[in-house]
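Where a number appears in this text, it was derived from the coordinates with a stated rule and is not lab data. All figures in this text were calculated on a predicted structure; none of them were measured in a lab. Note that each Cβ is placed from the backbone with ideal geometry, even for glycine, and that neighbours are counted across all protein chains shown.
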Amino acid sequence: MKKRIIIFAIASFFIVPLAYAQTTTREIMQERKENIQEKREEVRGRLQESRVRTIRKFFQNMGRRIEAALNRQDKLADRIDSRIEKLKEKGFDMQVAEKELAEARVKIAEAKTAFADSKAKLEAALVSETPRESFKAVREGLVKGVVEKIKEAHQALVETVRAIKKAEETI
């Protein structure tokens, strides 16, 4: 009987710490899992912020280029208008050129409004939960919308210059 009591005491001495060690191991594993989750969330947040900064920088660069192109087209339209006025004073028929210039100015105005719209869409895209997909839509709208309108305005300005040259050749 003494042997059994001694064996029971010794066994309980080893078993109780093992049971305690298993629960603490589980707790440690759970804590590690939670820490890893927290770190993942932090990294995701930093990546999200980094993406937003990159998107803003891209759009600022594109915005400067587009604004510069629109300003150049405005100046060119003004110069063409001045040239038309000078030629009208000399007696040339500039009705076709004036019509083409009016179309070009309308297309420049459309490009400006499209650019303003894309700015608003960008802010909405950056606030959304999925800025990557939203930015793709904004970028496509920017490239296809604004840039195409700028190209159309340029083509209209070219047609205006052609009309001026044709009018100069007729007299």
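Observations, loosely collected:
- For GLN37 and GLU67, the difference between the fully extended length at 0.36 nm per residue and the C-alpha to C-alpha distance is 6.4 nm.
- In units of the compact-protein estimate 2.2 N^0.38 Å, segment 74-171 shows a Cα radius of gyration of 1.47.
- Rg over Rh for segment 112-165 works out to 1.24, both radii taken from alpha-carbon positions and Rh defined as the Kirkwood radius.
- Neighbourhood charge, 13 Å Cβ-Cβ cut-off, centred on ALA125 and excluding it, Lys, Arg +1 and Asp, Glu -1: +2
- Counted as membrane-span-like here are DSSP H helices of the chain whose alpha-carbon atoms extend 20 Å or more along the helix's own axis and whose Kyte-Doolittle mean is -0.5 or above; these are 95-127.
- Relative contact order of segment 61-149, defined on C-alpha pairs under 8 angstrom at six or more residues apart (%): 28
- With Cα atoms defining each centre, segment 105-124 and segment 137-171 are spaced 17 Å apart in the structure.
- Percent RCO, i.e. relative contact order, over the chain, from Cα pairs under 8 Å lying at least 6 residues apart: 26
- Of the trypsin sites (Lys or Arg not before Pro) found in segment 63-171, those that fall in a DSSP loop while having at most 14 other beta-carbon atoms within 10 Å are LYS90.
- FRET efficiency estimate (nearest 0.05) - Cβ-Cβ, ASP117 to THR170, R0 35 angstrom: 0.25
- Ellipsoid semi-axes in whole angstrom, largest first, where each is sqrt(5λ) of the Cα gyration tensor of the chain: 79, 10, 9
- Cβ-Cβ distance of GLU140 and LYS86, R₀ of 41 Å, FRET efficiency by 1/(1 + (r/R0)^6): the value works out to about 0.45.
- Three-way shape call for segment 56-105 based on the alpha-carbon gyration tensor, with the a/c threshold at 1.5: prolate
- In loop segments of segment 78-142 as defined by DSSP, the GluC sites (Glu not before Pro) with at most 12 further C-beta atoms inside 10 Å of their C-beta are GLU129.
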